[in-house]
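**Student:** I am attaching a structure below and will ask some questions about it afterwards.
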Amino acid sequence: MLKKFFQQPSTASLKTCPDTCGLLEKHYNEKVAQNHIQYDDAQFTALQHLQALLDRVLITIDYQKKSTKFKLLTTQPKKCQSLYIFGDVGRGKSMLMELFYDACPVTQKRRVHFHVFMLEVHAFIHRWRQQNSTDAISAFAKKIRKSILILCFDEFQVTDIADAMILGRLFGKLFELGIIIVITSNRHPDDLYKGGLQREQFLVFTRLLQSAAEVIELVANEDYRLKHLHTLETTYYFPLDAHAGEFVLQSYNEFTNFAPIQPDVIPVLGRKVMLSSIHGDIALTSFNELCAKPLGSADYMEIAREFSTLIMAEIPKLTAKKRNEAKRFMILIDVLYEHKVKLICTAEVPVQELYTEGAGAFEFRRTASRLAEMQSEAYLQSKHISGANISLLSDYLA
């Protein structure tokens, strides 16, 4: 049936342009007119590839409906090729993905953070092997195909050897079943999992990916994230007055092109860390979410790897009663600093007054210094270190 589903259409039996023809361009231009984004030739070029994929998807679905109804059509649509878009941070990849996903009328679709997806993969494999002797990866791929035709991954990257060893077989099965995969990433497929253990086995996956997906680079010259940072009067807003909440919301809107705020989770070692909202590699959170809960360096390392920009609300003035919160905050800032994560935050007091009395107040001076440096032009210009294996002295929690 899948072979029948995907082959070249005849002009007599199929539409040459589905109802959504030009829809992405229309929505893109609306965002430009609303001053939510600035027009960019490179973004527009990438958008045409997404539009072509959207049109082809709808043509194949239209063919399937007609062939089921009339049982007379013999010339079939060409197989839909998946799409892999890569480029530096801040170029608009997540925004383009959002336009594609929202415009696609197919109900059998899912957009998911890659690491959340892989957590589901490992959990399914574990449960399946406890109850069955058959191939768990094939079973998982078939389970996906029952409800999903289009699978979208934001910020695709591979840093874990367990993921690396699974991906080749898993994606092979997904492609065999006709699932269309759309990916955004900071890296070309050849640069994924660089320096990783047993990488030669992982190269089977990269070759498969490049044969099944069109790989295009988003080569926009301007980092729009940096441009937004420059429009802010500060990245560290104080005090927590009536305008502090507006500052957080405005920052989130500018960096995500007015994406909806929806609570989400990031998986860490089988646990789930809750964040106020996630959009691509932008995270919205609060001091209480990250520092008032029993989180540690492993949680912060995963956050720093996943997100190039962290928007954090309501950092309080820390006292001896908040010693544990102060320790966690120190580790968080160290990790963000080492990974060059851009921090936009609101606080009750200036940096130098955050924590001046109590155990660890002397050590906090380094945190204050780093917070100040993270507002500098040199730091804001620095490139996010997403997959680095940086060791961190976490003796603050001792």
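**Student:** I'm a student and want to see the number: the projected area of the Cα convex hull of the chain, averaged over all directions, in nm².
**Tutor:** Values: hull surface 87.7 nm².
Here the figure is 21.9 nm², rounded to one decimal.
**Student:** How many nm separate the modelled label positions at Glu217 and Gln201, each set 7 Å beyond the Cα in the direction of the Cβ?
**Tutor:** My value for the distance between the label points is 3.1 nm.
**Student:** Moving to a separate point now. Which residue, chosen from Gly358, Pro239, Val268, occupies the Cα position most advanced towards the positive end of the dipole of the chain, where the dipole is computed from +1 (Lys, Arg) and -1 (Asp, Glu) charges on Cβ about the Cα centre?
**Tutor:** Positive-end residue among those listed: Val268.
**Student:** Something else now. Going by alpha carbons, how many degrees (0 to 90, nearest 10) lie between the helix axis of 244-256 and the longest principal axis of the chain?
**Tutor:** 30
**Student:** Can you show me the helix-derived [θ] at 222 nm for the chain, built from DSSP H runs with n ≥ 4 at -39,500 (n - 2.57) apiece and divided by the number of residues, rounded to the nearest 500. Spell out each step's value before the answer.
**Tutor:** Details: 15 runs with 181 residues, N = 398.
After summing the helix terms and dividing by the residues of the chain, the value is -14000 deg cm²/dmol.
**Student:** Something else: Just flag the trypsin sites (Lys or Arg not before Pro) in the range 189-234 sitting in loop per DSSP whose Cβ has no more than 12 other Cβ atoms within 10 Å. Intermediate results must be reported in sequence, preceding the final value.
**Tutor:** Details: sites: Lys194, Arg199, Arg207, Arg225, Lys227; in loops: Lys194.
Answer by residue number: Lys194.
**Student:** Taking 8 Å as the Cα distance limit and 6 or more residues as the minimum spacing, I'd like the relative contact order of the chain as a percentage. Don't skip to the end; give the middle numbers.
**Tutor:** Working: 597 pairs, mean separation 58.2, N = 398.
Computed value for the chain: 15 percent relative contact order.
**Student:** Does the range 161-207 classify as rounded, prolate or oblate by the C-alpha gyration tensor (a ≥ b ≥ c root eigenvalues; a/c under 1.5 gives rounded; else a/b over b/c gives prolate, otherwise oblate)?
**Tutor:** Oblate, because a/c is 1.5 or more while a/b does not exceed b/c.
**Student:** Please report, in debye to the nearest 20, how large the charge dipole of the chain is about its Cα centre when each Lys and Arg carries +1 at its beta carbon and each Asp and Glu carries -1 there.
**Tutor:** Working: 47 positive and 45 negative charges, 457 e Å.
So the dipole magnitude of the chain works out to roughly 2200 debye.
**Student:** Mind checking the angle between helix 41-70 and the chain's longest principal axis? C-alpha axes, 0 to 90 degrees, to the nearest 10.
**Tutor:** Orientation of helix 41-70: about 40 degrees from the principal axis.
**Student:** Going by alpha carbons, how many degrees (0 to 90, nearest 10) lie between the helix axis of 23-33 and the longest principal axis of the chain?
**Tutor:** 30
**Student:** How do Arg111, Arg366 rank when sorted from fewest to most other Cβ atoms within 10 Å of their own Cβ? Walk me through the intermediate numbers first.
**Tutor:** Working: Arg111 16, Arg366 13.
Least to most surrounded, the residues fall as Arg366, Arg111.
**Student:** Rounded, prolate or oblate: pick one for the range 224-397, where a ≥ b ≥ c are the square roots of the eigenvalues of its C-alpha gyration tensor, a/c under 1.5 means rounded, and failing that, prolate if a/b is larger than b/c, else oblate. Mind showing how you got there, number by number?
**Tutor:** On the way: a/c = 1.37, a/b = 1.15, b/c = 1.19.
Taking the square roots of the gyration eigenvalues as a ≥ b ≥ c, the range 224-397 is rounded.
**Student:** Give the peptides 131-137, 51-57 in descending order of average Cβ contacts within 10 Å, highest first.
**Tutor:** Ranked from most to least packed, the peptides come out as 51-57, 131-137.
**Student:** Rounded to the nearest 20 debye, what is the charge dipole size of the range 224-397 about its Cα centre when +1 sits on each Lys and Arg Cβ and -1 on each Asp and Glu Cβ? Present the calculation step by step, with values, prior to reporting the outcome.
**Tutor:** On the way: 18 positive and 21 negative charges, 77 e Å.
Charge dipole, the range 224-397, about its Cα centre: 360 debye, nearest 20.
**Student:** May I pose another question? Under 1.5 on a/c is rounded, so check that first for the range 209-271, then, if it is not, pick prolate when a/b is larger than b/c and oblate when it is not; a ≥ b ≥ c are the square roots of the alpha carbon gyration tensor eigenvalues.
**Tutor:** Details: a/c = 2.92, a/b = 1.52, b/c = 1.92.
Since a/c reaches 1.5 but b/c is at least a/b, the shape of the range 209-271 is classed as oblate.
**Student:** I've got another one for you. Quick one: order Phe205, Phe307, Phe175 by neighbouring beta-carbon count within 10 Å, fewest to most.
**Tutor:** On the way: Phe205 23, Phe307 26, Phe175 20.
Least crowded to most crowded, the residues run Phe175, Phe205, Phe307.
**Student:** As an exercise, identify the GluC sites (Glu not before Pro) in the range 177-252 lying in DSSP coil whose Cβ has no more than 11 other Cβ atoms within 10 Å.
**Tutor:** On the way: sites: Glu200, Glu214, Glu217, Glu222, Glu233, Glu246; in loops: Glu222, Glu233.
Filter output for the range 177-252: Glu233.
**Student:** With a 10 Å radius around each residue's Cβ, average the other Cβ atoms per peptide and rank 311-324, 333-346, highest first. Show your work: numbers first, answer last.
**Tutor:** Working: 311-324: 18.3, 333-346: 21.9.
Per-residue mean Cβ counts within 10 Å order the peptides as 333-346, 311-324.
Read-outs throughout are calculated quantities, based only on the coordinates presented, and are distinct from any laboratory measurement. Fair warning: this is a prediction, and the values are worked out from it, not measured in the lab. Using ideal geometry, Cβ is built from the backbone for each residue, glycine included, and neighbour counts are taken over all protein chains shown.
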